[in-house]
1. Can you tell me how many residues within region 40-53 are part of a strand (DSSP E or B), under 12 Å from the mean Cα position of the chain (by Cα) and either of a type outside the set (A, V, I, L, M) or at pLDDT 85 or above (or both)?
2. Of all residues being of a type in the set (A, V, I, L, M) and at pLDDT below 85 in region 1-23, which is surrounded by the most Cβ atoms within 10 Å (Cβ to Cβ)? Just the residue, please.
3. Restricting attention to region 1-29, which residues are touching a Leu at 6+ places or on another chain (Cβ under 9 Å) and within 26 Å of GLY44 (Cα to Cα)?
4. What pairs can you find where one residue is in region 10-36 and at positive phi, the other is in a strand (DSSP E or B) and among the charged types (D, E, K, R), and their Cβ atoms are less than 9 Å apart, with a gap of 6+ or different chains?
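The values are calculated or read from the model by the stated rules, or taken from the named source; none is laboratory data. Predicted model, so just to flag it, every value in this text is computed and none were measured. Neighbour counts are summed over all protein chains in view; Cβ atoms, including those assigned to glycine, are modelled from backbone coordinates with ideal geometry.
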Amino acid sequence: MDFEIEDVVPFGVETGQPAKLTGIFHPAGSELTVARATRSKIDGFGIAYEGKAAFSTSHFSWSA
């Protein structure tokens, strides 16, 4: 697995704050920052994938 993402700042946003999705259900959290993958390659367990879209969050924790 090798990936790198960059947060998306909408055109015209003077504060520089990235776009966010809020109030959603997702395993990573209910607020995700919209991002784009500058590099994304996953190859494992018989699955090979290259992506262009991404989300980022600073509050991330997987649990079982």
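1. Initially, region 40-53 is screened for residues part of a strand (DSSP E or B), giving 40-44, 47-50, 53.
When the remaining residues are screened for being under 12 Å from the mean Cα position of the chain (by Cα), the result is 40, 53.
Among the residues that remain, those that are also either of a type outside the set (A, V, I, L, M) or at pLDDT 85 or above (or both) are: 40.
Residues in region 40-53 being part of a strand (DSSP E or B), under 12 Å from the mean Cα position of the chain (by Cα) and either of a type outside the set (A, V, I, L, M) or at pLDDT 85 or above (or both): 1 in total.
2. In the first step, residues of region 1-23 are kept if they are of a type in the set (A, V, I, L, M); the result is 1, 5, 8-9, 13, 19, 21.
Subset that is at pLDDT below 85: 1, 5.
Details: MET1: 8, ILE5: 17.
Residue satisfying both the conditions and the ranking: ILE5.
3. Step one: of region 1-29, the residues touching a Leu at 6+ places or on another chain (Cβ under 9 Å) are 20-22, 24, 26.
The answer is HIS26, and nothing else.
4. Hits for this filter: GLY23/GLU31.
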